[in-house]
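The values are calculated or read from the model by the stated rules, or taken from the named source; none is laboratory data. Quick caveat: nothing in here was measured; it's all calculated off a predicted structure. Here the Cβ is made from the backbone with ideal geometry for all residues, glycine too, and neighbour counts use every protein chain on show.
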Ligand code: NAD
């Protein structure tokens, strides 16, 4: 990114403007409770959030309309929104770093992805053969508060639907910026409304009202199950739920792997974004013959990680999202330490919600009871003859989001890729990232319904008779 942007960021940093975010609806918002938002790195107050009241939800539902503009006009407006996102990079960086605690490289990647989603769905909207479904509820997580939020909305709008957007509790300001820019670009208010508030109240209302004709959701598998039940009880049968959910992601490093490359990719996959990525590596399997070397190198590489304020360009690992997340993850690592399974743990800054990156010994992925959404990596070893069992154990988790493999045996890559159930498989590289358009992202099994976001079949799910295809 260029120096001018950095300068703008610096200005925003030294004179942070307190913000106030409220429901953005096509009508008068009454507003409910007011909450204080805090910067996870410092604990400082950064703004106020007026939550949507029950009356606001009702007003928004009553006012919601599909987007009547013809497809070419919709595409033009979504592209204009992408332009506005780019013009507002400085302010959006500032928000992503202060509200979500993301490092600058992570914030840059997030903005690029958000812009790519807007342009990609705009470009493909002309290929749709069927009309919009009606009104979509879009529910997003805090860990990609702009990219996933904007991607869901852009797809629903590109197909001509109206959208009721429910952002994550902890990132309403980023969401409000996105909505304002989309409105400024020309999306009508009746076609896009924002309802900040708790998932179990506002999210629940927006997934159980008969006026909703589809739900796009990204978040945990447990929440997806709640939503599925609410939809089954209240909405017309066949109402689509497009869900992108959690993962228990593994990587295999065999004895032919290049250790330096593997270490760099393991560290990036486990600890970037403080491990708060659905794609993050959770369980590393290293072949026994090289396990001692990899373990020592990994500990050394962890010691090099700089923890701290996401604003500093040198920071590798920022805070986790809330004090509650910090306490839960820390308790999990403490329990592993008490059991004698902790291999290594860094120390953390005393302010804010930091969690020390940790390495924990396990027998295999079956020992992981749940997705621990933070900078915690589990390490297992395997014997060469047990490779098939490792793959079977990974599949047996029922999740299927990302999977990584480091090997120099060419036909092993294909063999394992064929055997592993995962939406995204990465060979000899880190296991993060997706490229809108060319490397779409999504999971199987407990990790999501598909089709993959940023892929050719995603948009059709937002129309009346989607093609029965998967990517
Ligand atoms: P979460 O499930 O707690 O919350 C996600 C969203 O659902 C939030 O907006 C929340 O308010 C809302 N919600 C909560 N309860 C609800 C209910 N009963 N009805 C309707 N909405 C409700 O998840 P999170 O903590 O925000 O995000 C982290 C999770 O998201 C992790 O499991 C991660 O793996 C997953 N994730 C998956 C992907 C993917 O592409 N597969 C991407 C990012 C995050």
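When 319, 310 are checked against the criterion of being out of contact with any helix residue (DSSP H, G or I) (no Cβ under 6 Å at 6 or more places or on another chain) and touching a residue at least 60 places away in the same chain (Cβ under 8 Å), a single residue qualifies: 319. For the stretch 215-239, a residue qualifies if it is over 25 Å from residue 280 (Cα atoms) and within 7 Å of the ligand (Cβ to nearest atom), and exactly one does: 230. Would a scan of the stretch 324-341 turn up a residue that is touching a helix residue (DSSP H, G or I) at 6+ places or on another chain (Cβ under 6 Å), modelled with pLDDT of 95 or more and within 20 Å of residue 268 (Cα to Cα)? No, the conditions are met nowhere in the stretch 324-341. Between 157, 206, the distinction of being within 16 Å of the ligand (Cβ to nearest atom), under 26 Å from residue 52 (Cα atoms), in contact (Cβ under 8 Å) with a residue 60 or more places away in the chain and crowded, with 24+ Cβ neighbours inside 10 Å belongs to 206 only.
One residue alone among 26, 75, 62 is part of a helix (DSSP H, G or I), in contact with a helix residue (DSSP H, G or I) (Cβ under 8 Å, 6 or more places away or on another chain) and either at positive phi or modelled with pLDDT of 95 or more (or both), and that residue is 75.
Which residue out of 266, 212, 252, 242 is surrounded by 20 or more Cβ atoms within 10 Å (Cβ to Cβ), within 13 Å of the ligand (Cβ to nearest atom) and either in a loop (DSSP other than H, G, I, E, B) or more than 17 Å from the chain's Cα centre (by Cα) (or both)?
Working: 266 fails: within 13 Å of the ligand (Cβ to nearest atom); 252 fails: within 13 Å of the ligand (Cβ to nearest atom); 242 fails: either in a loop (DSSP other than H, G, I, E, B) or more than 17 Å from the chain's Cα centre (by Cα) (or both).
Answer to the check: 212.
Summed over the stretch 392-402, residues that are crowded, with 19+ Cβ neighbours inside 10 Å and in contact (Cβ under 8 Å) with a residue 40 or more places away in the chain total 6. Do you know which of the residues in the stretch 112-127 that are crowded, with 20+ Cβ neighbours inside 10 Å and out of contact with any helix residue (DSSP H, G or I) (no Cβ under 6 Å at 6 or more places or on another chain) is farthest from residue 315 (Cα to Cα)? Per the stated criteria, the residue is 120.
Of the residues 148, 96, which is in contact with a strand residue (DSSP E or B) (Cβ under 8 Å, 6 or more places away or on another chain), surrounded by 24 or more Cβ atoms within 10 Å (Cβ to Cβ) and under 22 Å from residue 169 (Cα atoms)? Talk me through it step by step, then tell me what you get.
Numbers: 96 fails: in contact with a strand residue (DSSP E or B) (Cβ under 8 Å, 6 or more places away or on another chain).
Of the residues listed, the single one that is in contact with a strand residue (DSSP E or B) (Cβ under 8 Å, 6 or more places away or on another chain), surrounded by 24 or more Cβ atoms within 10 Å (Cβ to Cβ) and under 22 Å from residue 169 (Cα atoms) is 148.
Determine whether residue 141 is closer than 19 Å to residue 442 by Cβ and in a loop (DSSP other than H, G, I, E, B). Here the answer is yes, as residue 141 does meet what is asked. Note on the stretch 164-174: among residues that are in contact with a strand residue (DSSP E or B) (Cβ under 7 Å, 6 or more places away or on another chain) and in contact (Cβ under 8 Å) with a residue 60 or more places away in the chain, the one that is surrounded by the fewest Cβ atoms within 10 Å (Cβ to Cβ) is 173.
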